[in-house]
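Working notes, structure below.
The values are calculated or read from the model by the stated rules, or taken from the named source; none is laboratory data. Computed from a prediction, not measured in an experiment: that's the story for all the values here. FYI the Cβ positions are ideal-geometry reconstructions off the backbone, even for glycines, and counts take in every protein chain you see.
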Amino acid sequence: MYRRLIGLLIAVVALGSAFFVLNEDEEVDLLWYEGGTLHQSSIAEWRLGSERDQLATTADWVTSFEGFAAPEEIFVMANRLLDCINNTAVSSPETTQTHAVATTCHQN
């Protein structure tokens with residue numbers, strides 16, 4: 001009886017772990033400006049980030065620089081900032097902080 005109970009418990013734990021792993025890999029539906037995670041990244045980390053993550057991060061920076069605007073305006077400004085950061089990153093040391101590059105791009 002105990003063997004059966006322990007076997008059932010192991011099966012439940014294994015199934016729960018498999019479910020968690022599957023859900024961890026699912027892509028969550030976020031709007032283009034949601035979920036940016038590269039705010040404190042170095043240029044090396046920025047380069048490894050997805051384009052989607054880079055765009056969401058630049059949208060956050062644009063909003064902090066410019067204040068709130070229509071999503072269409074933020075999209076245009078975020079893409080401009082993204083282009084400037086990526087162009088600057090080509091010649092920047094990998095340890096440069098991306099938010100410093102974003103600030104410089106915004107000021108120019």
Problem - Criterion: in a loop (DSSP other than H, G, I, E, B), in contact (Cβ under 8 Å) with a residue 12 or more places away in the chain and more than 13 Å from residue 101 (Cα to Cα) - qualifying residue of 55, 30, 38 - result: 30
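Rundown of residues vs (1) surrounded by fewer than 16 Cβ atoms within 10 Å (Cβ to Cβ); (2) among the small types (Gly, Ala, Ser); (3) at pLDDT below 95, yes/no style:
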| residue | (1), (2), (3) |
| --- | --- |
| 5 | yes, no, yes |
| 13 | yes, no, yes |
| 20 | yes, no, yes |
| 38 | no, no, no |
| 44 | yes, yes, no |
| 53 | no, no, no |
| 101 | no, no, no |
| 105 | no, no, no |
| 108 | yes, no, yes |
Practice task
Kindly provide the set of residues from segment 61-73 that are over 13 Å from residue 106 (Cα atoms) and touching a residue at least 12 places away in the same chain (Cβ under 8 Å), ordered by number.
Solution key: 71
Practice task
Just name the residue that is modelled with the highest pLDDT out of those in segment 58-88 that are surrounded by fewer than 18 Cβ atoms within 10 Å (Cβ to Cβ) and small (Gly, Ala, Ser).
Solution key: 64
